[in-house]
Amino acid sequence: MSELSAHRVIVTGGAGFIGCALSERLAGAVGKWVVIDSLHPQVHEVQERPAALHEAAELVVGDVTDPAVWDAVLADVQPTVVIHLAAETGTAQSLDEATRHAHVNVVGTTVMLDALGRHGIVPERFLLSSSRAVYGEGAWEREGGEVFYPGQRSHAQFEAGQWDFAGARPLPSTAALTVPKPTSVYGATKLAQENILAAWVNARDTALTVLRLQNVYGPGQSLVNSYTGIVSLFSQLARRGESIPIYEDGAITRDFVYIDDVADAFVAALAEQPCTETGARAGVGVGAGTPTFDVGSGVGTTILQLAEAIAAYYSAPAPHITGRYRDGDVRHAECRIDATLGALEWEPRWPLDRGVAGLQEWIGSQL
């Protein structure tokens, strides 16, 4: 891959949480940086250019599902790199708004590829922001050592308060070993993005890198989107002196990764030499020649532990267990990052306590 300064980069969804953080690192380093973003009101309370988007980024307000938007952009710039961030991301919301999630995530991806084809453009590289949701509940291990995929917990299980799978323990996901088995509409659409892009780039001998992100949090995340950002939601409750309500028994596990670490992972992936040979990097990713990296802290944290840390920061009342649940929720989601650490010039630098403090300072400046 040539020097960054020679690149023309298109970033879909680039005015969002991750896109703005990434723009601070790369917008001044590449030859041209064009952002396509619809500024959806669920994420952007005010439909105007975010202050956090680097001034070097050219913002095109438009929908990635609109072919006319792509035709206008591609008539002006022929990208050498496409960073595909645009997506509807609400896991629970996707159960009730499946068409919206499929339209943006799946059709938006195919519209982009069709437009590139119409204009005869084959970028040197695609970077896809994927999700830990592609794993669903992931793999579990029985007491005897048998590894199995339990699939989605049923409504009957929830009603009976059977939060875990009896006689088994969850295993951290890893791209090289864990078979993707999404249990949400959102997760299914993200896996579809991976497969669609892989098919396109393999047919054209170009390159794709997939970053499967864990739960991203930190300064810049939406404070108005009730479907994403549990760390932000908990923070605002504790800041008001309220007790944080905890679903199930509090032992739901997630891997919380700070926004700076995620942006740095994209930079490291972009700097990595693209690989187009079938089977390459098989120890890191899945699929034919598609490097696939798990991006997280590598540490599982229960929701109760998270809530307790945030409550302690504000000296708020202790969190309380409600026993409520959300149909379709994954019980445990964490990952191993050793393969990512070995393949990229990257490592997470923000432990949860430091990240939580950094988020609180930012929320205080916003509210």
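Things worth noting here:
- The lone exception for Val122 - which of (1) buried (at least 21 other Cβ atoms within 10 Å of the Cβ); (2) aliphatic (A, V, I, L, M); (3) touching a Lys or Arg at 6+ places or on another chain (Cβ under 7 Å) it fails: (1)
- Hits in segment 7-64 - residues which are touching a residue at least 60 places away in the same chain (Cβ under 8 Å), on the phi < 0 side of the Ramachandran plot, assigned to a loop (DSSP other than H, G, I, E, B) and buried (at least 19 other Cβ atoms within 10 Å of the Cβ): His7, Gly14, Gly16, Val43
- Odd one out for Gly145, checked against (1) out of contact with any His (no Cβ under 9 Å at 6 or more places or on another chain); (2) on the phi < 0 side of the Ramachandran plot; (3) not in a helix (DSSP H, G or I): (2)
- All told, Ala192 meets the bar of being in contact (Cβ under 8 Å) with a residue 40 or more places away in the chain and either assigned to a helix (DSSP H, G or I) or within 30 Å of Asp114 (Cα to Cα) (or both).
- In segment 142-163, the condition of being within 30 Å of Leu113 (Cα to Cα) and surrounded by fewer than 19 Cβ atoms within 10 Å (Cβ to Cβ) is met by no residue.
- For segment 201-218, the set of residues classified as part of a loop (DSSP other than H, G, I, E, B), touching a strand residue (DSSP E or B) at 6+ places or on another chain (Cβ under 9 Å) and either modelled with pLDDT under 90 or not small (Gly, Ala, Ser) (or both) consists of Thr206, Gln214, listed by residue number.
- Residue in segment 310-346 that is modelled with the lowest pLDDT, counting only those that are charged (D, E, K, R) and in a loop (DSSP other than H, G, I, E, B): Asp327
- Of all residues in segment 221-249, those being touching a residue at least 40 places away in the same chain (Cβ under 8 Å) and within 18 Å of Ser131 (Cβ to Cβ) number 8.
- The requirement of being modelled with pLDDT under 95 and in contact with a helix residue (DSSP H, G or I) (Cβ under 9 Å, 6 or more places away or on another chain) is satisfied by Ala288.
- Selection count, segment 333-362, where residues are crowded, with 22+ Cβ neighbours inside 10 Å and under 16 Å from Arg212 (Cβ atoms): 7
The values are calculated or read from the model by the stated rules, or taken from the named source; none is laboratory data. Keep in mind that this is a model prediction, so the values were computed, not measured. With ideal geometry, Cβ positions are generated from the backbone for all residues, glycine too; neighbour counts draw on all protein chains shown.
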